[in-house]
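Engineer: Could you have a look at this structure, given as structure tokens, before my questions?
The values are calculated or read from the model by the stated rules, or taken from the named source; none is laboratory data. All values reported here derive from a predicted model rather than from experimental measurement. Reconstructed Cβ throughout: ideal geometry from the backbone, glycine too, with neighbour counts over all protein chains shown. In case anyone asks, the SASA skips ligands and DNA or RNA and just uses the protein heavy atoms, side chains included. Shrake-Rupley method; radii C 1.70, N 1.55, O 1.52, S 1.80 Å.
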Amino acid sequence: MNKVIVTIVCFIFSTVVFSQKMMTRSGEIKFDATVPGAMDPVIATNNTVSSILDKTTGELVVQGLVKSFKFKSPLMEEHFNENYMESDKFPKTSFKGKVVGYDGKSGSYDVEGDLTIHGVSNKVKTKMTVTAGAKTSIAGAFVVKLVDYKLDVPAMAKKTLAESAKISIKLELENK
């Protein structure tokens, strides 16, 4: 009889613990490194981003495959993967951090943690909007200097490719 009670209590506890995590595999990251006034925009979108949010701690993990970024121009996509991001050598980009002070409610929150691009991790901090409900949405953006991630802009590309990139994130997470 004791084994049955212990098993039921463990099952209920594990259900409560697991329901505190939310996730998606269809989040979006946009990368924009266009020089103002440039003829060709340097914009890419990745719509296959995975993310997990722990509602109890505010811990947030976001990860995307570099080769999943899609550009308007196939040639630009090829240069992005082969010449800049070296996506065969560094196949993933990720963020591991926290929604600071997250209490399960909608609002504007500081999000801080480690952003890893091109094998280099740096601390980042920005404001993001969280909309809580049956699904929780997280949206925001930040600017990074490419040189901070060992991404050099060659002289020939300076008319098109900016030295900083705006990274925008949109996530719609569900209970799992």
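Engineer: Please go through segment 153-162 and pick out each residue that is in contact (Cβ under 8 Å) with a residue 24 or more places away in the chain and either among the polar types (S, T, N, Q) or touching a helix residue (DSSP H, G or I) at 6+ places or on another chain (Cβ under 7 Å) (or both). Spell out how you get there, then give the answer.
Structural biologist: Narrowing segment 153-162 to residues in contact (Cβ under 8 Å) with a residue 24 or more places away in the chain: 158-162.
The one that is in contact (Cβ under 8 Å) with a residue 24 or more places away in the chain and either among the polar types (S, T, N, Q) or touching a helix residue (DSSP H, G or I) at 6+ places or on another chain (Cβ under 7 Å) (or both): THR160.
Engineer: Looking at segment 72-107, which of the residues that are among the acidic types (Asp, Glu) and not in a loop (DSSP other than H, G, I, E, B) is least open to solvent (accessible area, probe 1.4 Å)? Write out each step before concluding.
Structural biologist: Going through segment 72-107, the residues among the acidic types (Asp, Glu) turn out to be 77-78, 82, 86, 88, 103.
Still in the running and not in a loop (DSSP other than H, G, I, E, B): 77-78, 82.
Numbers: GLU77: 37, GLU78: 93, GLU82: 119 Å².
Checking each candidate, the answer is GLU77.
Engineer: Please indicate, with yes or no, whether at least one residue in segment 32-47 is in contact with a helix residue (DSSP H, G or I) (Cβ under 8 Å, 6 or more places away or on another chain), modelled with pLDDT of 95 or more and of a type in the set (S, T, N, Q).
Structural biologist: yes
Engineer: A further question follows. If the Cβ limit is 8 Å and pairs must be 6+ apart or interchain, which residue in segment 138-152 that is closer than 27 Å to TYR109 by Cβ pairs with which residue that is part of a loop (DSSP other than H, G, I, E, B)?
Structural biologist: Close Cβ pairs satisfying both conditions: LEU146/ASP152; LEU146/VAL153; TYR149/HIS118.
Engineer: Just need a number here: residues in segment 32-71 that are part of a strand (DSSP E or B) and under 19 Å from the mean Cα position of the chain (by Cα).
Structural biologist: 23
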